[in-house]
Structures are given as structure tokens and as C-alpha cells.
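Visitor: Okay, handing you the structure first.
What follows is calculated from the coordinates using simple rules that are stated; it is not laboratory data. Quantities reported herein were computed from a predicted structural model and do not represent experimental measurements. Cβ coordinates were reconstructed from backbone atoms using ideal geometry, including for glycine residues, and neighbour counts include every protein chain displayed.
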Amino acid sequence: MSGPLAGVKVIDITHYGVGPWACTLLGQLGAEVIKVETLEGDRLSRFPPPYKNGITTVYISLNLNKQCIAVDLSDKQSQAAVRELVAQADILIDNHRPGYLDRRGLGYEDVKGLNPRLVYCACNGYGQRGPLRDMGSVDTFGQAVSGFASVSGPVGGPPEGLHCSGLIDLTTSIYIVTGVLAALRHREETGQGQLVETSQMQAATAMSSARALEYFASGENPTPMGTGVGNIVPSRAFVAADDKWVSITALDDATWRRLATAVGLPELSADPRFDSNAGRVARRGEVEAPLEAAIRTRPSAEWITVLEKHKVPCGLFMNYNPLRIDAQVKEQQMLAGVDTHWGHVTVGGLPWRFSRTPGTIRATPRPGENTEAVLAGLPSRQVGQS
């Protein structure tokens, strides 16, 4: 096992997306991750499609770098076995509704005495307290109730969540990882484990704080901006002559002047009404209309060359077909091929690079594949299986 978390043991009692991806990230950082599934398995292995030789591709992608055991969590002997695993662990992650593991003798109050050094992370849809604590959630609900979706969508259109990307799910996973790593750091100093709580709604609310601040500063709810942002102009996508979209941002006034020159509109930057970002935000339409017309005159590839020459942040909107062969993606190993039990798949590459402790990507196990080997290593070495 390599990676900066080599030697750290994680018990993954999670399902669907949020918890499994957090545990995969810890596994890619070198932790030993044991995923505990019910005998029926994680529902994500069966739905939604598409499938790879009988299992969902999303299950494969969210459960890399793990061992997987399948036990009956309603069975007392199986519960005792999992408690033995927890007693040896550094981290336990749970993303079920509040009370699910408590009813199975595996809640924080049940296990902290077994392992005072344990970092126990509980993550659900809406948090461990409050009127929504017992409700289930999915990514789209998290976007809706947090205000996140209220600022997403076309200009002048209704609120619109980001579709099929799992953005809130996977961001919540990252909050889980940062939370448990911070708690591990505290444990290094004190020897004490602790309970870490987060939720999908908290993650979504934290992510949308920049737009929320627009409301708290002005008293007016921000509205959907399409590809644009509320507090920087110009910063949005423009369609080029070949009908491809180019994302362009002028983060400061100097970049704005270079942009105006690059697109052949020096009179825009010379206009005192537009010489500050505040002025451009107040006159968004007057700034963006001539830019739209100018960008429409040349193909997207030419604009990328021109804008990069003038040091203006820009980029093409790409789908996955050109992304897979993009030179930058290849150079940075942003995609990785993995041979699994279900065939060869391509997944996202490691999002970090360590000079001394490189992480790895290992194939997803079959559901329950490691049950016998993992449980055979327990001190009791006897486990009831139903």
C-alpha cells in the first residue's frame, strides 16, 4: 500500500454516492478501506444504468481502492464482527440516515468505548439535528433546498439544478475527507478520536456562499446567470463562428483592457463607463453585446490562440470525446484505465500528485468479494453468516 495515508484503516459503512466516493479518495491516498455492505449489496450496484457486464458503471467508479465484505447487519454475530473491525480502525464513515447504525449497535456512542482513538464521520442529507434530519436526500434535493439551484440555469429562466453530474454528492465527499483528515491531525496531538458531522445540505450551502453573499449584501435574491457570474463582467461563455462555445473571463481591469484589444474593440476599454468591474457589472448588457458580436466572427480555435496570446483566461467547452485525447489531460494523467472484474474501464485519474508518497488507483472489488479473507483475520476468527 502506498500513499500518504498508508497504515490508516478505514471502515466504510456507506451506500450510494457520497460515502463511497469519500472512502475511495481515502483509499487512493493509501488508506486501507474495508467496505461493509449488506447481503443484498449496495443498491448503487444495481441502479442506475448504464451497466458494465451486469453491474452499474457508477458503482465501479465510486468503489475503487477497497476491499468489500457482505454481512447481515441485523445479525448479532455479524454486528460483533464489524465491531471487531471498528476496534482496529482509525476511521469509520457512515452516510445512512440518523439512527441506522445506532439500531445495529454501531453508532458512535456504541463504538467509541471500543476505540477511543476512532474518528467517526456521520454524514446524511440534512444533518443530525433539525426538522429534516430523518429525511433522505439525493443530489438534486441538496441543490434545491440549499439555494444552490436558485442561481443555476439560463438567464431569465427558472431555477435549474446541475444535471447528472453529482456535483453536490461528490463535493460532500470531499468535505467528509477534509473533516476526517483534520480529526486525524487532532488525534496525533491528543490521542483522542471524535465524531465528525457533515451533510449534503451543509456542503451545498457552503458551496453557494459566494452567491448567497450577494443576497445578504443587497437584500435581493441573485438570479440564474447562465454561464455567467453575478459579480464579474465579462465572465461567461460566448459562441464562436463554428458554433462552439468559448469561456472567457476578465478577472481584473488590466485583463479587461487586453480582452478588448484582442477582440478588436479597444473603444470599449477606453469608455470610462466600463473602466472598472463595478461599472461593467452595472452595464452588463452594453459590455456583453459587442463582445458577442465580435466572438461570432471567428472560429473557436482561432479565439483560443488570440486570447492566450493576450493573456486572457479562456477555454473551450468540451465533451468527453475530445477530452479523452486532450494533450493536457494526457500529460497530467487526468484519466486512468483500470482492468476490473467486469472489463476495462476509464475513470478519473488521481487529483493530486505527491513527490514522495504517490497514491494509486486499484480496481473495484466484486460485492462481498473479500468477506472470508477479512473476517478470517479478526481476533475471534469466528463469524456467523446468515
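Visitor: Where both partners of a DSSP beta bridge lie in the chain, what percent of those bridges are antiparallel, to the nearest 5?
Guide: Numbers: 16 of 38 bridges.
Roughly 40 percent of the DSSP beta bridges within the chain come out antiparallel.
Visitor: Pairwise over distinct Cα atoms, reciprocal of the mean inverse distance: report the Kirkwood radius of region 287-386 in Å, one decimal place.
Guide: Details: mean 1/r = 0.0529 Å⁻¹.
That comes to 18.9 Å for region 287-386.
Visitor: Taking the Cα centre as origin and putting +1 on Lys and Arg beta-carbons and -1 on Asp and Glu beta-carbons, what dipole magnitude results for region 290-386, to the nearest 20 debye? Can you show the working numbers first?
Guide: Working: 11 positive and 8 negative charges, 47 e Å.
Dipole magnitude for region 290-386 comes out near 220 debye.
Visitor: Once the convex hull of the C-alpha atoms of region 170-326 is built, how many Å³ does it hold per residue, rounded to a whole number?
Guide: Details: hull volume 29.2 nm³, N = 157.
In region 170-326, the Cα hull volume divided by residue count equals 186 Å³.
Visitor: How much mean residue ellipticity at 222 nm does the chain get from its helices, if each DSSP H run of length 4 or more adds -39500 (n - 2.57) and you divide by all residues, to the nearest 500 deg cm²/dmol? Walk me through the numbers on the way to the answer.
Guide: Values: 16 runs with 140 residues, N = 386.
Mean residue ellipticity at 222 nm (helix-derived): -10000 deg cm²/dmol.
Visitor: Once Rh is set to the Kirkwood radius over Cα pairs, what Stokes-Einstein translational diffusion coefficient, in µm²/s, holds for region 23-137 at a temperature of 25 °C and a viscosity of 0.890 mPa s? Can you show the working numbers first?
Guide: Values: Rh = 15.4 Å.
It diffuses with D of about 159 µm²/s by this estimate.
Visitor: Quote the relative contact order of region 43-172 in percent (integer), defining contacts as alpha-carbon pairs under 8 Å separated by 6+ residues. Walk me through the numbers before you get to the answer.
Guide: Values: 130 pairs, mean separation 18.6, N = 130.
Result for region 43-172 is 14 percent.
Visitor: Okay, moving on. How large is the Kirkwood hydrodynamic radius of region 277-317, counting all unique pairs of alpha carbons, in Å? Numbers along the way, then the final one.
Guide: Details: mean 1/r = 0.0873 Å⁻¹.
Answer for region 277-317: a Kirkwood hydrodynamic radius of 11.5 Å.
Visitor: How long, wide and thick is the chain, going by the Cα atoms along their three principal axes, in whole angstroms, largest first?
Guide: 80, 46, 41
Visitor: So, counting K/R as plus one and D/E as minus one, what does the shell of residues with Cβ under 12 Å around Thr371 add up to?
Guide: On the way: positive: Lys35, Arg366; negative: Glu37, Asp72, Glu369, Glu372.
For residues surrounding Thr371, the net value is -2.
Visitor: How large are Rg and Dmax for region 117-186 when only the alpha carbon atoms are used, in Å?
Guide: Cα-based Rg and Dmax for region 117-186 come out at 14.9, 52 Å.
Visitor: Give me, ordered by chain and number, the residues 5 or more places off Thr340 or on other chains with an amide H under 5 Å from its own placed amide H.
Guide: Amide H neighbours of Thr340, under 5 Å, 5+ apart: Val345.
Visitor: Can you give the relative contact order of the chain as a percent, counting alpha carbon pairs under 8 Å and 6+ residues apart? Walk me through the numbers on the way to the answer.
Guide: Values: 711 pairs, mean separation 73.3, N = 386.
Relative contact order comes out at 19 percent.
Visitor: In straight Cα distance, which aspartates and glutamates are under 12 Å from Lys35, not counting same-chain residues fewer than 8 positions off?
Guide: Within the straight-line cut-off, Lys35 pairs with Asp12, Asp94, Glu369.
Visitor: Quick one: which residues, 5 or more positions from Gly226 or on another chain, have an amide H under 5 Å from its amide H? H modelled 1.01 Å from N in the peptide plane, none for Pro or chain starts.
Guide: Here Gly153, Val155 satisfy the definition.
Visitor: Let me ask something else about it. Over the alpha carbons of region 76-217, what is the largest minus smallest coordinate on each principal axis, giving the biggest first in Å?
Guide: Here the Cα extents, ordered largest to smallest, are 57, 35, 26 Å.
Visitor: Quick one: angle between helix 167-190 and the longest Cα principal axis of the chain, in degrees between 0 and 90, rounded to 10, please.
Guide: 60 degrees
Visitor: How would you order 170-180, 300-310 from highest to lowest mean count of nearby Cβ atoms within 10 Å? Mind showing how you got there, number by number?
Guide: Details: 170-180: 21.5, 300-310: 15.8.
Going by the mean number of other Cβ atoms within 10 Å, highest first, we get 170-180, 300-310.
Visitor: Quick check: the distance between the Cα centres of region 134-168 and region 190-255, to the nearest angstrom?
Guide: That distance is 13 Å.
Visitor: Give the long-range amide H neighbours of Lys35: residues separated by 5 or more places, or on another chain, with amide H under 5 Å away, using H modelled in the peptide plane at 1.01 Å from N.
Guide: Close amide H contacts, sequence-distant or interchain: Asp12, Gln67, Cys68, Ile69.
Visitor: Right, here's the next one. At a 10 angstrom cut-off on C-beta neighbours, averaged per residue, how do the peptides 261-272, 224-235 rank from highest to lowest?
Guide: Values: 261-272: 15.2, 224-235: 17.8.
Going by the mean number of other Cβ atoms within 10 Å, highest first, we get 224-235, 261-272.
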